[in-house]
Amino acid sequence: MTPETLRKQLDACIGSEGEPLVARDPVNQPMIRHWCDAVEDRNPVYTDEAFAKQSVHGGIVAPPTMLQAWTMRGLAPSEDAPKRTGALGRVIELLEAAGYTSVVATNCRQEYHRYLAPGDELHMVSRVVSVSDEKKTALGVGHFVDEEMSYRDASGEEVARMTFRILKFKPPAQAAAKSPTPDVRRPRPAQNQDNAFFWEGVAAGELRIQRCEACEKLRHPPGPMCPSCQSLDWDTVTASGRGEVYSYVIAHHPPVPPFEYPNAIALIALEEGTRLVSNVVGVDPADLTVGLPVEVAFTRVDDELVLPLFRPRSTP
Ligand SMILES: [Zn+2]
């Protein structure tokens with residue numbers, strides 16, 4: 001298929017609504033309870049009937065972010081379970097036949113028109129809004145596909161709307177993905193006159209923090225002006241290198257060379273009060289917790305680059 005034919009066939013899929021996907025069960029308390037347990041949401045308006053009655057809702061409501069759960073097909077859908085057919089299925093079929101066999105979700109946006117309550121019977125209708133021309137991305141060349149999903153109640157009224165963007169892309173050659181060549185190196189940090197002191201510090205085995213000379217407030221990331229007093233005069237202090245995990249995320253997918261997965265990315269709160277983003281090494285990502293005491297570990301990641309990574313503290 002020529003690119004022009006593919007484009008025409010993709011365009012033919014845009015706009016029309018597919019078959020409705022009907023929720024297997026009405027909105028119900030047990031599913032709400034399990035969801036709240038899973039995400040540790042303790043808001044009693046979702047689970048405590050007496051509390052909910054006194055609230056503005058007048059009764060139990062479902063967490064709005066549960067939206068997608070109601071029309072999911074389940075872990076082991078039977079043959080006759082509702083399937084996602086229609087335009088999106090056709091777009092994916094066309095793109096896969098053209099070699100764009102990998103997929104990654106890139107954006108999701110939800111709008112809620114009203115709260116859902118136990119007993120609401122939902123169905124979802126989707127349409128493909130757009131398919132981009134071929135784009136070059138870090139993952140490979142591919143097409144962005146925008147889908148819009150309208151969630152409706154038994155009367156047909158729209159209760160929420162979701163837009164979802166995926167990238168269908170051509171996977172890089174397997175060998176390259178599995179054993180990164182020495183050419184695939186970590187991105188170089190952007191260096192300029194504002195943050196040169198930080199990287200000079202790293203090269204010297206020191207973690208330096210910018211300090212305002214007028215009001216002595218510390219700041220990070222580095223910048224030319226103090227956000228507190230607007231002074232342009234600054235010097236630096238050397239951090240102890242000790243801190244704790246303030247927040248973190250574990251990246252699993254998609255694997256991008258040369259990073260190792262699962263990739264533990266953390267926001268580190270330094271003893272001095274500023275925070276910086278880094279990796280935590282020397283700990284099973286599954287054991288990472290908020291508040292974990294850590295210390296800087298200057299780590300050579302390739303022949304040119306040393307990074308201030310963090311590891312669990314060896315001394316209290
Ligand atoms: Zn200042």
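Miscellaneous remarks
- Where labels lie 7 Å past Cα in the beta-carbon direction, separation of H57 and Q110 in nm: 1.3
- Cα-projected label distance for L75 with E213, points at 7 Å along beta-carbon direction, nm: 6.3
- Extension reserve of the D41-S16 stretch, reckoned as 0.36 nm per residue once the Cα distance is removed: 5.3 nm
- Candidate aspartates and glutamates - alpha carbon under 12 Å from K8, same-chain residues fewer than 8 apart omitted: D133
- Ranked list, fewest to most other Cβ atoms within 10 Å of each Cβ, for C108, C13, C36: C108, C36, C13
- Over the residues of the chain, the helix contribution to mean residue ellipticity at 222 nm works out to -4500 deg cm²/dmol, using -39500 (n - 2.57) for each DSSP H run of at least 4.
- Cβ-based exposure ranking for I60, I166, in which fewest neighbours within 10 Å come first: I166, I60
- Residue order for W70, W199, fewest other beta carbons within 10 angstrom first, comes to W199, W70.
- Set of the stretch 128-171 residues, backbone N closer than 20 Å to the point 7 Å along the Cα-Cβ line of A117: 151-161
- Length-normalised contact order of the chain in % [C-alpha pairs under 8 Å, at least 6 apart]: 13
- Each label point was placed 7 Å from the Cα along the Cα-to-Cβ direction; for H253 and A204 their separation is 4.6 nm.
Since every read-out is calculated from the coordinates, none of them should be taken as a lab result. Quick caveat: nothing in here was measured; it's all calculated off a predicted structure. Cβ: placed from backbone, ideal geometry, glycine included. Neighbour counts: every protein chain shown.
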